[in-house]
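One structure is given below, encoded as C-alpha coordinates.
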(Lines give C-alpha, C1' and ligand atoms only; values in the text may rest on other atoms or scores of the structure.)
Protein backbone atom coordinates (compact mmCIF):
# COMPACT_ATOMS: atom_id res chain seq x y z
CA UNK A 1 0.00 0.00 0.00
CA UNK A 2 1.28 3.47 -0.91
CA UNK A 3 1.93 5.69 2.11
CA UNK A 4 0.16 9.05 1.80
CA UNK A 5 1.64 10.54 4.95
CA UNK A 6 4.84 9.77 6.80
CA UNK A 7 4.42 8.82 10.48
CA UNK A 8 6.24 11.96 11.60
CA UNK A 9 3.82 14.13 9.58
CA UNK A 10 0.84 12.49 11.27
CA UNK A 11 2.45 13.04 14.65
CA UNK A 12 3.13 16.67 13.78
CA UNK A 13 -0.52 17.33 12.94
CA UNK A 14 -1.67 15.62 16.14
CA UNK A 15 0.71 17.86 18.08
CA UNK A 16 -0.76 20.93 16.34
CA UNK A 17 -4.30 19.92 17.23
CA UNK A 18 -3.64 18.85 20.82
CA UNK A 19 -0.93 21.20 22.06
CA UNK A 20 -0.79 24.23 19.73
CA UNK A 21 -4.44 25.29 19.53
CA UNK A 22 -4.92 24.47 15.85
CA UNK A 23 -8.59 24.68 15.03
CA UNK A 24 -11.02 25.80 12.38
CA UNK A 25 -12.07 29.26 13.49
CA UNK A 26 -15.32 29.32 11.50
CA UNK A 27 -17.42 27.45 9.01
CA UNK A 28 -19.62 30.05 7.32
CA UNK A 29 -22.60 29.12 5.18
CA UNK A 30 -23.41 31.71 2.53
CA UNK A 31 -27.12 31.75 1.73
CA UNK A 32 -28.91 33.52 -1.12
CA UNK A 33 -32.08 35.26 0.11
CA UNK A 34 -32.80 37.42 -2.92
CA UNK A 35 -35.98 35.44 -3.53
CA UNK A 36 -37.29 36.68 -0.18
CA UNK A 37 -37.26 40.36 -1.17
CA UNK A 38 -40.85 41.58 -1.16
CA UNK A 39 -42.85 44.82 -0.77
CA UNK A 40 -44.82 43.02 1.94
CA UNK A 41 -43.23 42.84 5.39
CA UNK A 42 -44.99 39.64 6.39
CA UNK A 43 -43.89 37.81 3.24
CA UNK A 44 -40.28 38.95 3.65
CA UNK A 45 -40.01 37.87 7.29
CA UNK A 46 -41.77 34.53 6.70
CA UNK A 47 -39.45 33.67 3.82
CA UNK A 48 -36.29 34.64 5.70
CA UNK A 49 -37.34 32.66 8.77
CA UNK A 50 -38.16 29.58 6.71
CA UNK A 51 -35.08 29.52 4.48
CA UNK A 52 -32.50 30.51 7.09
CA UNK A 53 -34.08 28.18 9.64
CA UNK A 54 -33.89 25.20 7.29
CA UNK A 55 -30.22 25.62 6.44
CA UNK A 56 -29.07 26.84 9.86
CA UNK A 57 -30.36 23.65 11.44
CA UNK A 58 -28.60 21.52 8.85
CA UNK A 59 -25.34 23.47 9.21
CA UNK A 60 -25.25 23.02 12.96
CA UNK A 61 -25.72 19.25 12.72
CA UNK A 62 -23.24 18.81 9.87
CA UNK A 63 -20.49 20.85 11.52
CA UNK A 64 -20.81 18.76 14.69
CA UNK A 65 -20.69 15.59 12.57
CA UNK A 66 -17.54 16.59 10.67
CA UNK A 67 -15.79 17.91 13.78
CA UNK A 68 -16.37 14.57 15.48
CA UNK A 69 -15.33 12.57 12.44
CA UNK A 70 -11.93 14.25 12.15
CA UNK A 71 -11.33 15.20 15.78
CA UNK A 72 -10.93 18.85 14.83
CA UNK A 73 -12.37 21.67 16.93
CA UNK A 74 -14.58 24.01 14.91
CA UNK A 75 -14.91 27.12 17.05
CA UNK A 76 -17.91 28.87 15.50
CA UNK A 77 -20.77 28.16 13.10
CA UNK A 78 -21.87 31.14 11.05
CA UNK A 79 -24.41 32.09 8.40
CA UNK A 80 -23.99 34.96 5.93
CA UNK A 81 -27.00 36.13 3.95
CA UNK A 82 -27.81 38.45 1.06
CA UNK A 83 -27.29 42.09 2.15
CA UNK A 84 -30.27 43.37 4.10
CA UNK A 85 -30.29 46.57 2.03
CA UNK A 86 -31.33 44.49 -0.99
CA UNK A 87 -34.01 42.59 0.91
CA UNK A 88 -35.48 45.84 2.28
CA UNK A 89 -35.30 47.84 -0.94
CA UNK A 90 -38.89 47.13 -2.17
CA UNK A 91 -40.36 48.35 1.14
CA UNK A 92 -37.92 51.23 1.56
CA UNK A 93 -38.76 52.62 -1.88
CA UNK A 94 -42.40 52.85 -0.88
CA UNK A 95 -41.90 54.23 2.63
CA UNK A 96 -38.77 54.80 4.71
CA UNK A 97 -40.94 55.11 7.82
CA UNK A 98 -42.43 51.66 7.20
CA UNK A 99 -39.08 50.12 6.27
CA UNK A 100 -37.29 50.99 9.52
CA UNK A 101 -39.46 48.80 11.80
CA UNK A 102 -39.30 46.08 9.13
CA UNK A 103 -35.50 46.25 9.27
CA UNK A 104 -35.58 45.78 13.04
CA UNK A 105 -37.98 42.84 12.69
CA UNK A 106 -35.66 41.33 10.08
CA UNK A 107 -32.67 41.74 12.44
CA UNK A 108 -34.49 40.11 15.34
CA UNK A 109 -35.73 37.28 13.12
CA UNK A 110 -32.23 36.47 11.86
CA UNK A 111 -30.92 36.59 15.44
CA UNK A 112 -33.66 34.34 16.82
CA UNK A 113 -33.32 31.76 14.07
CA UNK A 114 -29.56 31.70 14.56
CA UNK A 115 -29.82 31.22 18.33
CA UNK A 116 -32.51 28.56 17.99
CA UNK A 117 -30.25 26.51 15.73
CA UNK A 118 -26.92 26.84 17.50
CA UNK A 119 -25.45 29.40 15.08
CA UNK A 120 -22.93 31.71 16.70
CA UNK A 121 -23.13 34.66 14.28
CA UNK A 122 -25.27 35.70 11.35
CA UNK A 123 -23.91 38.28 8.91
CA UNK A 124 -25.36 40.30 6.08
CA UNK A 125 -27.04 43.20 7.85
CA UNK A 126 -25.11 45.29 5.40
CA UNK A 127 -25.19 48.45 3.29
CA UNK A 128 -22.99 49.25 0.28
CA UNK A 129 -22.63 53.00 0.07
CA UNK A 130 -19.18 53.48 -1.46
CA UNK A 131 -20.65 55.73 -4.16
CA UNK A 132 -24.06 56.71 -2.85
CA UNK A 133 -27.16 55.65 -0.93
CA UNK A 134 -30.22 53.71 -2.02
CA UNK A 135 -33.37 53.70 0.08
CA UNK A 136 -32.48 50.22 1.37
CA UNK A 137 -28.99 51.39 2.37
CA UNK A 138 -30.39 54.32 4.34
CA UNK A 139 -32.79 52.07 6.21
CA UNK A 140 -30.08 49.56 7.15
CA UNK A 141 -27.67 52.24 8.35
CA UNK A 142 -30.31 53.97 10.45
CA UNK A 143 -31.44 50.64 11.91
CA UNK A 144 -27.98 49.40 12.92
CA UNK A 145 -27.77 50.82 16.49
CA UNK A 146 -31.16 49.46 17.59
CA UNK A 147 -30.65 46.23 15.62
CA UNK A 148 -27.36 45.49 17.40
CA UNK A 149 -28.78 46.54 20.76
CA UNK A 150 -31.68 44.08 20.44
CA UNK A 151 -29.68 41.06 19.16
CA UNK A 152 -26.69 38.96 20.20
CA UNK A 153 -25.65 37.13 17.03
CA UNK A 154 -26.36 39.72 14.32
CA UNK A 155 -23.36 41.29 12.57
CA UNK A 156 -23.45 44.52 10.57
CA UNK A 157 -21.19 45.95 7.88
CA UNK A 158 -21.08 49.23 5.97
CA UNK A 159 -18.90 49.34 2.85
CA UNK A 160 -17.88 52.98 2.34
CA UNK A 161 -15.00 52.71 -0.15
CA UNK A 162 -13.97 50.86 -3.30
CA UNK A 163 -10.94 50.99 -5.55
CA UNK A 164 -13.38 51.29 -8.46
CA UNK A 165 -15.34 54.26 -7.09
CA UNK A 166 -13.34 55.97 -4.35
CA UNK A 167 -14.46 56.89 -0.82
CA UNK A 168 -17.89 58.22 0.08
CA UNK A 169 -17.04 60.72 2.82
CA UNK A 170 -20.74 61.37 3.56
CA UNK A 171 -21.16 57.65 4.29
CA UNK A 172 -18.04 57.69 6.48
CA UNK A 173 -19.41 60.52 8.63
CA UNK A 174 -22.79 58.81 8.93
CA UNK A 175 -21.08 55.52 9.83
CA UNK A 176 -19.16 57.35 12.58
CA UNK A 177 -22.44 58.57 14.02
CA UNK A 178 -23.82 55.02 13.99
CA UNK A 179 -20.75 53.73 15.83
CA UNK A 180 -21.34 56.25 18.62
CA UNK A 181 -25.08 55.54 18.72
CA UNK A 182 -24.38 51.80 18.95
CA UNK A 183 -21.89 52.39 21.74
CA UNK A 184 -24.46 54.29 23.78
CA UNK A 185 -27.15 51.68 23.10
CA UNK A 186 -25.15 48.64 24.26
CA UNK A 187 -23.31 47.79 27.53
CA UNK A 188 -19.63 48.84 27.40
CA UNK A 189 -20.24 49.75 23.76
CA UNK A 190 -20.07 46.02 22.97
CA UNK A 191 -22.46 46.27 20.03
CA UNK A 192 -19.64 47.99 18.13
CA UNK A 193 -17.74 44.69 18.10
CA UNK A 194 -20.40 43.47 15.67
CA UNK A 195 -20.13 46.49 13.38
CA UNK A 196 -17.34 46.95 10.84
CA UNK A 197 -16.80 49.79 8.38
CA UNK A 198 -15.09 48.41 5.29
CA UNK A 199 -13.51 49.23 1.97
CA UNK A 200 -13.42 46.67 -0.86
CA UNK A 201 -15.47 44.19 1.17
CA UNK A 202 -15.07 40.71 -0.41
CA UNK A 203 -18.15 38.66 -1.28
CA UNK A 204 -16.81 35.42 0.22
CA UNK A 205 -15.50 36.59 3.58
CA UNK A 206 -16.13 33.94 6.29
CA UNK A 207 -15.19 36.31 9.13
CA UNK A 208 -17.72 38.37 11.05
CA UNK A 209 -18.85 41.05 11.13
CA UNK A 210 -17.85 41.63 7.49
CA UNK A 211 -19.40 38.45 6.08
CA UNK A 212 -22.31 38.63 3.64
CA UNK A 213 -23.49 36.51 0.72
CA UNK A 214 -22.33 38.34 -2.39
CA UNK A 215 -24.34 38.73 -5.57
CA UNK A 216 -21.77 36.73 -7.55
CA UNK A 217 -21.89 33.76 -5.19
CA UNK A 218 -23.70 30.43 -5.76
CA UNK A 219 -27.07 29.75 -4.16
CA UNK A 220 -25.49 27.97 -1.20
CA UNK A 221 -21.78 28.05 -0.42
CA UNK A 222 -19.44 27.02 2.39
CA UNK A 223 -16.46 29.23 3.27
CA UNK A 224 -13.90 28.33 5.91
CA UNK A 225 -11.73 30.45 8.21
CA UNK A 226 -8.66 28.76 9.64
CA UNK A 227 -6.68 29.60 12.75
CA UNK A 228 -3.16 28.55 13.69
CA UNK A 229 -1.04 31.46 14.97
CA UNK A 230 0.01 29.27 17.88
CA UNK A 231 1.14 26.58 15.45
CA UNK A 232 3.17 29.13 13.49
CA UNK A 233 4.75 30.51 16.66
CA UNK A 234 5.71 27.01 17.81
CA UNK A 235 7.33 26.28 14.44
CA UNK A 236 9.34 29.51 14.61
CA UNK A 237 10.55 28.84 18.14
CA UNK A 238 11.45 25.25 17.25
CA UNK A 239 13.76 26.59 14.52
CA UNK A 240 15.85 28.26 17.20
CA UNK A 241 17.54 31.66 17.48
CA UNK A 242 20.11 31.02 14.74
CA UNK A 243 17.67 30.46 11.86
CA UNK A 244 17.89 33.27 9.29
CA UNK A 245 14.85 35.07 7.90
CA UNK A 246 14.65 33.12 4.63
CA UNK A 247 14.70 29.86 6.60
CA UNK A 248 11.96 31.12 8.91
CA UNK A 249 9.91 32.20 5.90
CA UNK A 250 10.16 28.67 4.51
CA UNK A 251 9.18 27.15 7.87
CA UNK A 252 6.10 29.40 8.13
CA UNK A 253 5.19 28.62 4.52
CA UNK A 254 5.31 24.85 5.13
CA UNK A 255 3.29 25.23 8.32
CA UNK A 256 0.65 27.33 6.54
CA UNK A 257 0.40 24.63 3.87
CA UNK A 258 -0.65 22.06 6.48
CA UNK A 259 -3.09 24.42 8.17
CA UNK A 260 -4.72 25.30 4.85
CA UNK A 261 -5.05 21.67 3.78
CA UNK A 262 -6.96 20.96 6.97
CA UNK A 263 -9.26 23.92 6.34
CA UNK A 264 -9.97 22.80 2.79
CA UNK A 265 -10.69 19.24 3.92
CA UNK A 266 -13.21 20.38 6.54
CA UNK A 267 -14.84 22.85 4.15
CA UNK A 268 -15.30 20.29 1.40
CA UNK A 269 -16.71 17.73 3.79
CA UNK A 270 -19.24 20.18 5.22
CA UNK A 271 -20.23 21.34 1.73
CA UNK A 272 -20.70 17.76 0.56
CA UNK A 273 -22.97 16.89 3.48
CA UNK A 274 -25.05 20.06 2.93
CA UNK A 275 -25.27 19.71 -0.85
CA UNK A 276 -23.63 23.12 -1.11
CA UNK A 277 -20.79 24.50 -3.23
CA UNK A 278 -17.43 24.63 -1.49
CA UNK A 279 -16.27 28.21 -1.74
CA UNK A 280 -12.95 29.25 -0.24
CA UNK A 281 -10.45 28.94 2.55
CA UNK A 282 -9.51 32.25 4.12
CA UNK A 283 -5.81 31.89 4.87
CA UNK A 284 -5.74 34.48 7.68
CA UNK A 285 -4.25 33.12 10.92
CA UNK A 286 -7.00 34.18 13.33
CA UNK A 287 -5.88 34.77 16.94
CA UNK A 288 -7.86 34.54 20.14
CA UNK A 289 -7.59 35.92 23.69
CA UNK A 290 -6.10 32.58 24.77
CA UNK A 291 -2.41 32.61 25.70
CA UNK A 292 -0.42 30.83 22.98
CA UNK A 293 -2.86 31.71 20.19
CA UNK A 294 -1.52 35.10 19.16
CA UNK A 295 -0.25 36.68 15.93
CA UNK A 296 1.58 39.25 18.06
CA UNK A 297 3.61 36.64 19.91
CA UNK A 298 4.37 34.89 16.63
CA UNK A 299 5.94 38.18 15.53
CA UNK A 300 7.84 38.33 18.81
CA UNK A 301 9.10 34.79 18.18
CA UNK A 302 10.74 36.17 15.04
CA UNK A 303 12.85 38.41 17.28
CA UNK A 304 10.85 41.50 18.27
CA UNK A 305 10.94 42.55 21.90
CA UNK A 306 7.23 43.31 21.67
CA UNK A 307 4.71 43.66 18.85
CA UNK A 308 4.77 47.29 17.77
CA UNK A 309 8.53 47.69 18.12
CA UNK A 310 10.54 48.97 15.13
CA UNK A 311 10.64 46.16 12.58
CA UNK A 312 7.06 45.06 13.30
CA UNK A 313 5.78 45.90 9.81
CA UNK A 314 8.65 43.95 8.22
CA UNK A 315 8.07 40.95 10.51
CA UNK A 316 4.34 41.03 9.77
CA UNK A 317 5.07 41.20 6.05
CA UNK A 318 7.37 38.18 6.26
CA UNK A 319 4.76 36.18 8.16
CA UNK A 320 1.88 37.07 5.85
CA UNK A 321 3.85 36.53 2.65
CA UNK A 322 4.88 33.06 3.85
CA UNK A 323 1.30 32.23 4.89
CA UNK A 324 -0.05 33.29 1.49
CA UNK A 325 2.57 31.31 -0.43
CA UNK A 326 2.05 28.21 1.69
CA UNK A 327 -1.71 28.53 1.41
CA UNK A 328 -1.53 28.98 -2.35
CA UNK A 329 0.42 25.72 -2.61
CA UNK A 330 -2.22 23.94 -0.52
CA UNK A 331 -5.39 25.04 -2.30
CA UNK A 332 -6.65 26.87 -5.36
CA UNK A 333 -9.74 27.94 -3.42
CA UNK A 334 -8.41 31.06 -1.72
CA UNK A 335 -10.63 33.98 -0.83
CA UNK A 336 -12.03 36.18 1.89
CA UNK A 337 -9.40 38.44 3.43
CA UNK A 338 -6.45 35.98 3.43
CA UNK A 339 -3.94 38.11 5.26
CA UNK A 340 -3.40 38.18 9.00
CA UNK A 341 -5.71 39.39 11.71
CA UNK A 342 -4.40 41.72 14.39
CA UNK A 343 -7.57 42.60 16.32
CA UNK A 344 -6.28 44.28 19.44
CA UNK A 345 -8.71 42.93 22.04
CA UNK A 346 -9.05 39.47 20.45
CA UNK A 347 -5.29 38.80 20.38
CA UNK A 348 -3.85 38.59 23.89
CA UNK A 349 -0.39 39.56 22.65
CA UNK A 350 -1.73 42.63 20.85
CA UNK A 351 -3.71 43.62 23.94
CA UNK A 352 -0.59 43.30 26.10
CA UNK A 353 1.40 45.38 23.60
CA UNK A 354 -1.30 48.05 23.60
CA UNK A 355 -1.19 48.19 27.40
CA UNK A 356 2.59 48.67 27.18
CA UNK A 357 2.12 51.56 24.74
CA UNK A 358 3.74 49.71 21.83
CA UNK A 359 0.49 49.47 19.85
CA UNK A 360 -1.21 52.75 18.96
CA UNK A 361 -3.63 53.88 16.27
CA UNK A 362 -0.68 55.09 14.18
CA UNK A 363 1.15 51.77 14.58
CA UNK A 364 -1.93 49.84 13.52
CA UNK A 365 -2.29 52.05 10.44
CA UNK A 366 1.31 51.23 9.51
CA UNK A 367 0.76 47.50 10.02
CA UNK A 368 -2.41 47.45 7.93
CA UNK A 369 -0.39 48.25 4.81
CA UNK A 370 0.88 44.66 4.77
CA UNK A 371 -2.16 42.84 6.18
CA UNK A 372 -5.92 42.81 5.67
CA UNK A 373 -7.17 43.93 9.06
CA UNK A 374 -7.15 47.71 9.27
CA UNK A 375 -7.80 49.18 12.73
CA UNK A 376 -9.63 46.33 14.40
CA UNK A 377 -11.20 45.82 17.82
CA UNK A 378 -9.72 48.95 19.32
CA UNK A 379 -11.31 50.35 22.47
CA UNK A 380 -11.31 54.15 22.56
CA UNK A 381 -12.75 56.73 24.99
CA UNK A 382 -16.53 56.91 24.81
CA UNK A 383 -16.48 60.69 24.40
CA UNK A 384 -14.39 60.56 21.20
CA UNK A 385 -15.96 63.02 18.72
CA UNK A 386 -17.52 61.61 15.58
CA UNK A 387 -15.12 63.70 13.46
CA UNK A 388 -12.09 61.92 14.99
CA UNK A 389 -13.69 58.54 14.28
CA UNK A 390 -14.46 59.64 10.73
CA UNK A 391 -10.86 60.73 10.26
CA UNK A 392 -9.55 57.34 11.37
CA UNK A 393 -11.96 55.58 9.00
CA UNK A 394 -10.96 57.84 6.12
CA UNK A 395 -7.27 57.06 6.71
CA UNK A 396 -7.94 53.32 6.57
CA UNK A 397 -10.14 53.63 3.50
CA UNK A 398 -7.47 55.67 1.71
CA UNK A 399 -5.04 52.80 2.23
CA UNK A 400 -7.69 50.30 1.07
CA UNK A 401 -8.22 51.98 -2.29
CA UNK A 402 -4.59 53.02 -2.83
CA UNK A 403 -3.38 49.46 -2.18
CA UNK A 404 -6.47 47.85 -3.76
CA UNK A 405 -7.19 45.61 -0.79
CA UNK A 406 -9.91 44.92 1.74
CA UNK A 407 -9.53 46.82 5.02
CA UNK A 408 -11.88 47.54 7.87
CA UNK A 409 -12.39 49.56 11.04
CA UNK A 410 -13.90 48.25 14.29
CA UNK A 411 -13.73 50.90 16.96
CA UNK A 412 -15.39 50.44 20.35
CA UNK A 413 -16.07 53.75 22.09
CA UNK A 414 -16.43 52.64 25.72
CA UNK A 415 -18.83 54.94 27.61
CA UNK A 416 -17.14 56.63 30.55
CA UNK A 417 -13.72 55.10 29.82
CA UNK A 418 -10.44 56.99 29.70
CA UNK A 419 -7.14 56.10 27.97
CA UNK A 420 -5.39 53.38 29.96
CA UNK A 421 -8.56 51.88 31.45
CA UNK A 422 -8.84 48.09 31.05
CA UNK A 423 -12.07 46.74 29.60
CA UNK A 424 -13.30 43.16 29.83
CA UNK A 425 -15.27 42.46 26.65
CA UNK A 426 -15.80 38.74 27.28
CA UNK A 427 -15.45 35.49 25.35
CA UNK A 428 -13.62 35.63 22.04
CA UNK A 429 -13.64 39.44 22.27
CA UNK A 430 -11.06 39.36 25.07
CA UNK A 431 -9.76 42.06 27.38
CA UNK A 432 -8.06 45.23 26.25
CA UNK A 433 -6.90 48.66 27.25
CA UNK A 434 -8.55 51.87 26.07
CA UNK A 435 -6.22 53.47 23.54
CA UNK A 436 -5.73 57.20 23.28
CA UNK A 437 -6.87 58.83 20.06
CA UNK A 438 -5.40 61.93 18.41
CA UNK A 439 -6.90 65.14 19.79
CA UNK A 440 -6.28 67.40 16.81
CA UNK A 441 -9.55 67.72 14.93
CA UNK A 442 -10.11 66.90 11.24
CA UNK A 443 -13.63 68.37 11.47
CA UNK A 444 -13.36 70.85 8.62
CA UNK A 445 -11.98 68.16 6.33
CA UNK A 446 -14.35 65.31 7.15
CA UNK A 447 -17.46 67.51 6.98
CA UNK A 448 -16.77 68.86 3.47
CA UNK A 449 -18.70 65.91 2.05
CA UNK A 450 -18.59 64.32 -1.36
CA UNK A 451 -16.55 61.56 -2.96
CA UNK A 452 -12.79 61.14 -2.78
CA UNK A 453 -12.04 59.89 -6.33
CA UNK A 454 -10.54 56.45 -7.00
CA UNK A 455 -6.79 56.08 -7.58
CA UNK A 456 -5.14 55.93 -11.00
CA UNK A 457 -4.84 52.13 -10.79
CA UNK A 458 -8.61 52.18 -11.36
CA UNK A 459 -7.74 52.96 -14.99
CA UNK A 460 -5.97 49.60 -15.40
CA UNK A 461 -9.23 47.83 -14.55
CA UNK A 462 -10.98 49.10 -17.69
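The values are calculated or read from the model by the stated rules, or taken from the named source; none is laboratory data. Keep in mind that what you see is a predicted model, and the values were worked out from it rather than measured. Positions of Cβ are generated from backbone atoms using ideal geometry, with glycine treated the same way; all protein chains shown enter the neighbour counts.
List of remarks:
- Single condition residue 167 does not satisfy, out of (1) over 23 Å from residue 374 (Cβ atoms); (2) in contact with a strand residue (DSSP E or B) (Cβ under 6 Å, 6 or more places away or on another chain): (1)
- Being within 19 Å of residue 420 (Cβ to Cβ), crowded, with 20+ Cβ neighbours inside 10 Å and in contact (Cβ under 8 Å) with a residue 40 or more places away in the chain is a description that does not apply to residue 306.
- Of all the listed residues (295, 281, 323, 344), the sole one being buried (at least 23 other Cβ atoms within 10 Å of the Cβ), within 21 Å of the chain's Cα centre (by Cα), free of Cβ contacts under 8 Å to residues at least 60 places away in the same chain and within 23 Å of residue 24 (Cα to Cα) is 281.
- Positions within region 239-254 being within 30 Å of the chain's Cα centre (by Cα) and farther than 14 Å from residue 328 by Cα, in sequence order: 245, 246, 248, 249, 251
- Pairs linking a residue in region 406-435 that is on the phi < 0 side of the Ramachandran plot and exposed (fewer than 13 other Cβ atoms within 10 Å of the Cβ) to a residue that is modelled with pLDDT under 95 and part of a strand (DSSP E or B), with Cβ atoms under 9 Å and 6 or more positions apart or on different chains, are 422/431; 422/432; 424/431; 424/432.
- Set 454, 419: member being in a loop (DSSP other than H, G, I, E, B) and over 19 Å from residue 172 (Cβ atoms): 419
- Residue in region 103-127 that is farthest from the chain's Cα centre (by Cα), counting only those that are assigned to a strand (DSSP E or B) and crowded, with 24+ Cβ neighbours inside 10 Å: 127
- Residue list for region 149-161, filter: buried (at least 21 other Cβ atoms within 10 Å of the Cβ) and either assigned to a loop (DSSP other than H, G, I, E, B) or touching a helix residue (DSSP H, G or I) at 6+ places or on another chain (Cβ under 7 Å) (or both): 151, 154, 155, 156, 158, 160, 161
- Residue in region 70-82 that is outside any helix (DSSP H, G or I) and over 24 Å from the mean Cα position of the chain (by Cα) present: yes
- Any hit, region 220-231, residues being within 23 Å of residue 333 (Cβ to Cβ) and surrounded by fewer than 21 Cβ atoms within 10 Å (Cβ to Cβ): yes
- Condition check for residue 175: crowded, with 20+ Cβ neighbours inside 10 Å, under 18 Å from the mean Cα position of the chain (by Cα) and within 18 Å of residue 91 (Cβ to Cβ): no
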